[in-house]
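Reading through the structure tokens given below for one structure.
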Amino acid sequence: MRTSGGRVGNDRDQFFAESIFHLVREKYTELTDSCFSTSHARHKVLAGIIMTRGFDLRSAQVVSLATGTKCLDLDNVSDRNSTLSDCHAEVVCRRALIRFLYAQLELLLCKSAEGEEQSIFVPNKGGCCDGGGDGLRLRDGVLFHMYVSSSPCGDARLNCPYETTATYPSRRFRCHLRVKVNGGEGTLPVTARRANQKQDGKPLVTMSCTDKMAKWSVVGLQGALLSHLVEPVYLHSLTVGTLSHTGHLGRALTRRLAPVKHLPFPYRRRQLLLSCLSSSEVRPAGKAPNVSVNWSSGDGGLEEISTVTGRAKDSGTPSQLCRSSLFARWQRLQQQLNGQISGAEAIMGTYCGSKMAAGRYQRALQQFIGALQVGGLGTWLRKPPQLGHLNISV
Ligand SMILES: [Zn+2]
């Protein structure tokens, strides 16, 4: 039994973590059993997010899940706004959670007492969102928990006491930010040379899952766009299957972030409750499939994405989670909410402009990036601004 902070014997925490794992696994089995395709059955990593009211497991509900371990070759993607470039399970699962959050905000638009009662969001009297008004916040007691079947790639995966592949060259880059290998699996340490993406002719890259999860524990899961409307939504706990060790995860996801301070209200550095499963499933061996699936609560079935094209596997259409799909939904929602909720004033414009207009979110992100850089962990690589020139009329 291994739980957060090296404590032994905390049966309740361990029971909770095991239950989170079983709920995600059951939902995945249910979804794949009703699906004729077998291409996703060989997944290497499964991630899921569960919502609870307090720690009452009777209220537990799987709200998003995803599989995947691959990242597209970003230099060979022509339309990055319509493709899903980072198909790692944890990252896709967060995007699927955002669709769930949108659905919960849309419940408020029904203007029915029932819709308002059902939504997990409530008006935030006296709050402060990037939209400039009170905005919305999660209902009291609503908590989100993530399960990942294998330790997140990057710093949390490497140098782990349980790591058996001794191929890692040295501990020189311990704690360092890492980037995903384009068009494949695995990660590489960030080097100063690559700090300005594309401007120095280096390939475009995306940050490792460990680093992205560390970022979520500072700026939240909701992303820049939703922070116009809602207070940050944080993960409360993380349960990891194979290749995991709570002390090691705690270093990579929490202690590494100690220098991150002075965050603008209501952002704060959230300490994740970390758990590992007492008996984890074996990570499937062999080649990873070229498919990543995703699902959000309310969907009839799984969406299957080819990790070669970053688009729907069979039809080739853009994913429901790609940048343009989520941006269109955000714009529609904001237009509808305009005038109904303080803080939802329309900010129409480009994708990048709308993200940059989320002032507090951007300041919190800058504090995070700056603190890691000063701490010698490397430079966070942001996508160049021209990728954000996306304007959709709704
Ligand atoms: Zn990953």
So the check is Cβ under 8 Å with 6+ separation or different chains; which pairs have a first residue in segment 174-189 that's more than 20 Å from Lys287 (Cβ to Cβ) and β-branched (Val, Ile, Thr) and a second one that's more than 14 Å from the ligand (Cβ to nearest atom) and assigned to a loop (DSSP other than H, G, I, E, B)?
Val179/Val190; Val179/Leu381
Specify the residue that is surrounded by the most Cβ atoms within 10 Å (Cβ to Cβ); the eligible residues are those in segment 221-253 that are modelled with pLDDT under 90 and part of a loop (DSSP other than H, G, I, E, B).
Ser244
Exactly one of Cys93, Cys129 is hydrophobic (A, V, I, L, M, F, W, C), under 19 Å from His236 (Cα atoms) and either modelled with pLDDT of 95 or more or away from the ligand (no atom under 16 Å from the Cβ) (or both), and that residue is Cys93
Considering each of Gln336, Gln362, Gln271, Gln320 in turn, give the residue that is outside any loop (DSSP other than H, G, I, E, B), at negative phi and at pLDDT 85 or above.
Gln362
If we ask which residues in segment 105-115 are surrounded by fewer than 21 Cβ atoms within 10 Å (Cβ to Cβ) and within 15 Å of Val230 (Cβ to Cβ), their number turns out to be 3
Segment 96-118 - residue that is at pLDDT below 95 and touching a Leu at 6+ places or on another chain (Cβ under 8 Å) and, of those, nearest to the ligand (Cβ to nearest atom)
Leu105
Can you name the residue in segment 59-82 that is assigned to a loop (DSSP other than H, G, I, E, B) and surrounded by fewer than 23 Cβ atoms within 10 Å (Cβ to Cβ) and, of all such residues, is nearest to the ligand (Cβ to nearest atom)?
Asp73
Being surrounded by 19 or more Cβ atoms within 10 Å (Cβ to Cβ), over 20 Å from the mean Cα position of the chain (by Cα) and of a type in the set (D, E, K, R): is that true of Lys313 here?
yes
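The values are calculated or read from the model by the stated rules, or taken from the named source; none is laboratory data. Just so you know, these numbers come straight off a predicted model, no measurement behind them. Cβ sites come from the backbone with ideal geometry, for glycine too, and all protein chains shown count toward neighbours.
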